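Derivation of every value follows stated rules applied to the coordinates shown; laboratory data play no part. Values in this document were obtained by computation on a predicted structure and should not be read as measured data. We place every Cβ from the backbone using ideal geometry, glycine too, and count neighbours over all the protein chains shown.
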Amino acid sequence: MALLPILEFPDSRLRTIAKDVIEVNDDIRAIVKDMFETMYDAPGIGLAATQVNIHQRIITIDISDEKDEPLVLINPTFEILDVETDKMQEGCLSVPGFYEDVTRPKHIKVTHLNLEGNTCQFEAQDLLAVCIQHEIDHLEGKLFVDYLSKLKRSRIKSKLEKAHKLQAS
Ligand code: QAP
Ligand code: CO
């Protein structure tokens, strides 16, 4: 049982590209357990291993109101199923306190491994599709602020750097 510290923008470790999980074993299952605890504690609806400084392709998600629909995606990839896009306000546990609109495909097909190491596929739409794409971006070293204007991104960066300095003193 462990809460993992969450890296915050502009920490350069958030730019690390995660590696594929080679084998879904007890070590991976322990990481997933800690990630869920960390995500539910925050609270958040999605967490990528990158955000807790673990650079393997692992994501935890739960977009349900009751927080009783945990979803684990190991080695996730997605295909866009529809040209249609959706503009949604996104936030991120690694960019606390900031929420901005991001446009993404709204209908995707996801392929991943489950906790037993079996390959699974499903279709996702709307908030779930957006959340999965946001989390897969993390595994590739990308953040939602990368989709914003330079000005907005640099304002967020300055404000978080200031907050981090205050926290350190
Ligand atoms: C990603 O984000 C997401 O700023 C998951 O102070 C979010 O769980 C995808 C959070 C929205 C699609 C739409 C953010 C918690 C949680 C904060 C989260 C904060 C506390 C963010
Ligand atoms: Co995020």
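What is the gain in length, in nm to one decimal, between Asp20 and Asp126 on full extension, counting 0.36 nm per residue of separation less the C-alpha to C-alpha distance?
Answer, rounded to one decimal: 35.5 nm.
In nm, give the distance between the simple-model label positions of Asp101 and Ser64, each being 7 Å from the Cα along the Cα-to-Cβ direction.
3.2
If you build a Gaussian network model of the chain, linking Cα atoms that sit under 10 Å apart, which residue out of Phe122, Phe78, Phe36 swings the most?
The residue that fluctuates most here is Phe122.
At q = 0.08, 0.17, 0.20 Å⁻¹, what is the base-10 log of I(q)/I(0) for the chain according to the Debye formula with one equal point scatterer per Cα and no solvent? Please give it to two decimals.
Log10 I(q)/I(0), no solvent term: -0.23, -1.07, -1.45.
Could you give me the ³J(HN,Hα) list for the stretch 144-156, computed from phi with Karplus coefficients 6.51, -1.76, 1.60 and θ = phi - 60°, whole Hz, x at Gly and Pro?
Values per residue, Gly and Pro as x: 4, 5, 5, 8, 8, 5, 4, 5, 4, 4, 6, 5, 5 Hz.
How large is the charge dipole for the stretch 9-131, taken about the Cα centre, if only the Cβ atoms of Lys, Arg (+1) and Asp, Glu (-1) carry charge, to the nearest 20 debye?
500
Please give the calculated 222 nm ellipticity per residue for the chain, where each DSSP H segment of at least 4 residues contributes -39500 (n - 2.57) and the sum is spread over every residue; nearest 500 deg cm²/dmol?
Only helices count here, giving -9500 deg cm²/dmol.
When only C-alpha pairs under 8 Å and at least 6 residues apart count, what is the relative contact order of the chain, in percent? Walk me through the numbers before you get to the answer.
Working: 295 pairs, mean separation 39.8, N = 169.
In percent, rounded to a whole number, it is 24.
Output the peptides 8-16, 131-139 sorted from most to least packed, where packing is the average of other Cβ atoms within 10 Å over each peptide's residues. Walk me through the intermediate numbers first.
Working: 8-16: 15.9, 131-139: 22.6.
The densest-packed peptide leads the list: 131-139, 8-16.
Out of all DSSP beta bridges in the chain, what portion is antiparallel? Express it as a percent rounded to 5.
Details: 25 of 26 bridges.
Among the beta bridges of the chain, antiparallel pairing accounts for roughly 95 percent.
For the stretch 45-64 and the stretch 2-24, what is the separation of their Cα centres, given in Å?
8
Show the residues, 5+ positions off or on another chain, whose built amide H is closer than 5 Å to the amide H of Leu4.
Thr38
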